[in-house]
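The values are calculated or read from the model by the stated rules, or taken from the named source; none is laboratory data. Please read all numbers here as calculations on a predicted model, not as lab measurements. Cβ atoms come from the backbone with ideal geometry, glycine included; neighbour counts cover every protein chain shown. SASA here: full protein model, heavy atoms, side chains in, ligands and nucleic acids out. Shrake-Rupley method; radii C 1.70, N 1.55, O 1.52, S 1.80 Å.
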Amino acid sequence: VQLVESGGGLVQAGGSLRLSCAASGRTLSRYTMGWFRQAPGKEREWAATIFWSGSTDYADSVKGRFSISRDNAKNTVYLQMNSLKPEDTAVYYCAADTIGRASRIPNNYDYWGQGTQVTVSS
């Protein structure tokens with residue numbers, strides 16, 4: 001599976017961005033898909049997960065502001081980010097868990113994209 005993120009950029013605090021994660025090689029519809037982020041000097045942090053059933057899970061830091069969704073016809077997963085804060089600045093990665101293990105742990109994901117930079121200015 002190849003995952004390619006897009007949609008990152010520079011935005012002012014309070015603004016919005018929508019990240020996309022397009023997959024090729026396999027159909028994502030049966031996979032658990034996650035979004036993670038990594039700020040400079042910090043460990044990779046889980047942000048959101050969408051299960052094959054469509055149910056979702058969010059980190060407390062993004063709950064109520066971010067929304068993860070998937071379009072199985074387009075083999076794409078999205079992360080809608082609203083009310084962005086400077087502390088959301090990071091490289092954002094999408095990942096695929098092909099077995100359906102615990103959804104918040106990076107090591108349980110099998111495939112990763114290259115990341116897309118999100119910078120939120122104050």
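For this structure, a couple of remarks:
- ARG18 meets the conditions (1) open to solvent by 20 Å² or more (accessible area, probe 1.4 Å); (2) more than 11 Å from the chain's Cα centre (by Cα) in every case but one. The failed one is (2).
- Within region 39-52, residues that are free of Cβ contacts under 8 Å to residues at least 40 places away in the same chain reach partners that are among the aromatic types (Phe, Trp, Tyr) with beta carbons closer than 7 Å, at six or more positions or on different chains, in the pairs ALA48/TRP35; ALA48/TYR58; ALA48/PHE66.
- Output for region 63-98, where each listed residue is assigned to a strand (DSSP E or B), crowded, with 18+ Cβ neighbours inside 10 Å and among the polar types (S, T, N, Q): THR76
- Residues of region 27-62 satisfying the condition of being open to solvent by 80 Å² or more (accessible area, probe 1.4 Å) and within 14 Å of GLY113 (Cα to Cα): ARG44
- Of the residues screened, SER103 is not one that is surrounded by 15 or more Cβ atoms within 10 Å (Cβ to Cβ), in a strand (DSSP E or B) and on the phi < 0 side of the Ramachandran plot.
- Consider region 37-62 and keep the residues that are closer than 21 Å to THR98 by Cβ, part of a loop (DSSP other than H, G, I, E, B) and under 14 Å from the mean Cα position of the chain (by Cα). The one that is modelled with the lowest pLDDT is PHE51.
- Looking across region 1-15 at every residue that is modelled with pLDDT of 95 or more and aliphatic (A, V, I, L, M), the one that is farthest from the chain's Cα centre (by Cα) is identified as ALA13.
- Residues being under 15 Å from ASP71 (Cα atoms), outside any strand (DSSP E or B) and of a type in the set (A, V, I, L, M, F, W, C) - total across region 1-36: 1
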